[in-house]
Amino acid sequence: MQDEDVPDSEDDMSIAIDHQFDSAAVEHGTDLAEMLDAEHQRALSELVANNRVSKGRISSGAAAKISALYGELESHTRRSRAAIKTVLKRNHALSSRNAELITAAGRRRTELSKVKLAIASAKKESMKTSIQLRSLVALNNELVKVQKDMAHSITDSAKCSICLSIMWIPDTLPKCGHTFCQGCLITWFRTIKQKRSRKYTCPGCRSRIKSQPVRNRAMESVMEGLGNAGIVDGEPVKSVANAYSLFFK
């Protein structure tokens, strides 16, 4: 549907009305000039017909009336022509103004079309971004789930079989390779020593242990990383220096 050329303001409405009025005035002024000319011609014909023409001449009274009528006709004609020129000049100015308004309206329609296209493009990009964002959120949720599952699997294998807590300080027995937390091994070895026995064994398989346990650095590093990331709950335990010096020389 095409836009109609409707005036944008009261001034434009007034210009349109003036234009219509001036156009009517031009037509009326032309009709008036033609009417006056016809009327004077008719009066002149009547005067000539009503006065005797003698030897190709008109009487002095008739000649005076004819001259007066011609003068009046010329005066009216000059005024009418001046008025018509004025109206035509103003009409030309109004036509120029109307052309400017039409051009401006065309520019506004073009700009509006560009804005509508920009809005449609922005909406399309927004929909794409929204879809991508939902995909990223879903992927992140999946990664979090996998991360939690891996953390649970790691923490299950990183629990001490004695206290069932996270082995923040994992120590491995040299002979059998079993790993326990430092605190549980110290308690186990102290219990054996209190029985006045020097035969220290593994709490799990009861293998004879003749040398002190060694730190499991790989597991310690993994547990430290999980703790710093907040994946594993609990407070890390500090290592005790020379923890096994009382049991092994």
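The values are calculated or read from the model by the stated rules, or taken from the named source; none is laboratory data. What you see is a predicted model, and the numbers here were worked out from it, not measured in a lab. In this analysis, Cβ positions are derived from the backbone assuming ideal geometry, glycine residues included, and neighbour counts consider all displayed protein chains.
Can you pull out every residue in the range 188-208 that is over 18 Å from residue 163 (Cβ atoms) and part of a helix (DSSP H, G or I)? Result: 193, 194.
The residues on offer are 79, 134, 107, 90, and the sole one that is charged (D, E, K, R), in contact (Cβ under 8 Å) with a residue 60 or more places away in the chain, farther than 30 Å from residue 187 by Cα and not assigned by TED's automatic domain parsing to the domain that holds residue 191 is 90. For the range 146-162, a tally of residues being part of a helix (DSSP H, G or I), of a type in the set (A, V, I, L, M) and closer than 30 Å to residue 202 by Cα returns 3. Screening 136, 112, 143 for residues that are modelled with pLDDT under 90 and in a helix (DSSP H, G or I) leaves exactly one candidate, 143. A single entry from 118, 158, 151 fulfils the requirement of being touching a Leu at 6+ places or on another chain (Cβ under 7 Å) and either farther than 18 Å from residue 217 by Cα or surrounded by 10 or more Cβ atoms within 10 Å (Cβ to Cβ) (or both): 151.
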